[in-house]
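I have placed the structure first, in the form of structure tokens, so that the comments after it can refer back to it.
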Amino acid sequence: MTIQVWTWPTPNGHKVHIMLEEVGLPYEVIPVNIGAGDQFKPEFLAINPNHRIPAIVDPDGPGGRPFSLFESGAILIYLAEKTGSALLPKDPETRYRCLQWLMFQMGGIGPMFGQYNHFANYAKEKIPYAIERYANEVARLHRVLEKRLSESEYLAGPDYSIADIATFPWVRNPQRRNIDLAQYPAVKRWHDAIAARPAVQRGVEVLADRQRQGPMTDAEREVMFGKIQFAAR
């Protein structure tokens with residue numbers, strides 16, 4: 001049965017698009033235009049009260065019943081276990097190493113890269129301290145990746161896993177974070193290998209035509225970063 005994917009073309013959205021392409025599950029894309037405020041609509045809040053994409057609805061969930069899930073990392077684990085995919089290793093040591101690097105992305109790369117993007121590209125007031133603080137953290141996290149990928153083909157070990165799927169969409173387009181991947185040769189080798197995968201190429205094309213062109217408008221900024229009371233919608 002077809003999985004519904006409530007999503008938008010962001011790094012977190014692309015994680016799930018790529019995963020679904022990798023495991024070959026049929027899916028229906030339901031666009032959630034976060035710049036227009038679709039994430040505050042009742043139908044989406046019924047799936048994710050935290051009003052963040054992505055979220056999925058699996059009509060054939062545990063026990064054969066419909067099942068909804070939000071948080072991209074949880075979705076990757078769910079889809080791997082649902083399909084029995086080797087993208088979540090079975091060997092306990094490798095499995096926990098995979099989950100370790102998945103959490104590294106969820107707790108470090110995503111939030112820190114996102115904060116840099118906000119203060120450097122989206123905030124109307126440019127605050128030098130904030131931009132420098134998050135630029136330094138982005139660089140530090142690249143150094144962590146460089147060390148790991150100098151020792152290992154992929155983040156969890158010799159094989160591609162959900163840890164790589166989670167991290168890749170945040171590392172791609174490094175120019176947006178003023179990063180030159182040539183300064184991180186192991187990261188670049190890893191990035192280029194993943195970017196060449198057909199499932200990844202299909203995944204990042206999902207809703208590609210909806211990508212914002214040009215600077216964020218004041219209306220979009222208010223929707224995404226303002227004080228909208230979503231519960232009242």
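Since every read-out is calculated from the coordinates, none of them should be taken as a lab result. Bear in mind that the values here come from a model prediction, so they are computed numbers and not experimental data. We place every Cβ from the backbone using ideal geometry, glycine too, and count neighbours over all the protein chains shown.
Observations on the model:
- Size descriptor, Kirkwood hydrodynamic radius, that averages inverse alpha-carbon separations across the chain, Å: 18.5
- The chain - charge dipole about Cα centre, Lys and Arg +1 at Cβ, Asp and Glu -1, debye rounded to 20: 540
- Cβ-derived FRET efficiency at R0 35 Å, Gln201 paired with Leu45, nearest 0.05: 0.60
- Pairs of Cα atoms farther than 16 Å apart, the stretch 139-233, %: 65
- Label-to-label distance, Arg143 versus Glu222, with points set 7 angstrom from Cα along the beta-carbon direction: 4.3 nm.
- Computed from label points 7 Å out along Cα-Cβ, the spacing between Ser68 and Asn121 is 2.9 nm.
- For the chain, lysine pairs with C-alpha atoms less than 30 angstrom apart, excluding pairs fewer than eight positions apart on the same chain, total 18.
- Compared with the direct C-alpha span, the chain from Glu93 to Asn178 gains 27.1 nm at full extension, assuming 0.36 nm per residue.
- Each 10 Å bin, from zero up to the one with the longest distance, holds this percent of the alpha carbon pairs of the stretch 92-196: 15, 48, 28, 9, 1.
- Extension gain from Ala193 to Arg212, taking 0.36 nm per residue of separation minus the Cα-Cα distance: 4.2 nm
- Mean Cα-pair separation over length for the stretch 92-196, i.e. relative contact order, pairs under 8 Å, 6 or more apart, %: 33
- Exposure proxy ranking for Asp60, Asp209, Asp192, Asp38, based on other Cβ atoms within 10 angstrom of each Cβ and starting from the fewest, stands as Asp209, Asp192, Asp60, Asp38.
- Each of Phe67, Phe113 has some number of other Cβ atoms within 10 Å of its Cβ, and from fewest to most they run Phe67, Phe113.
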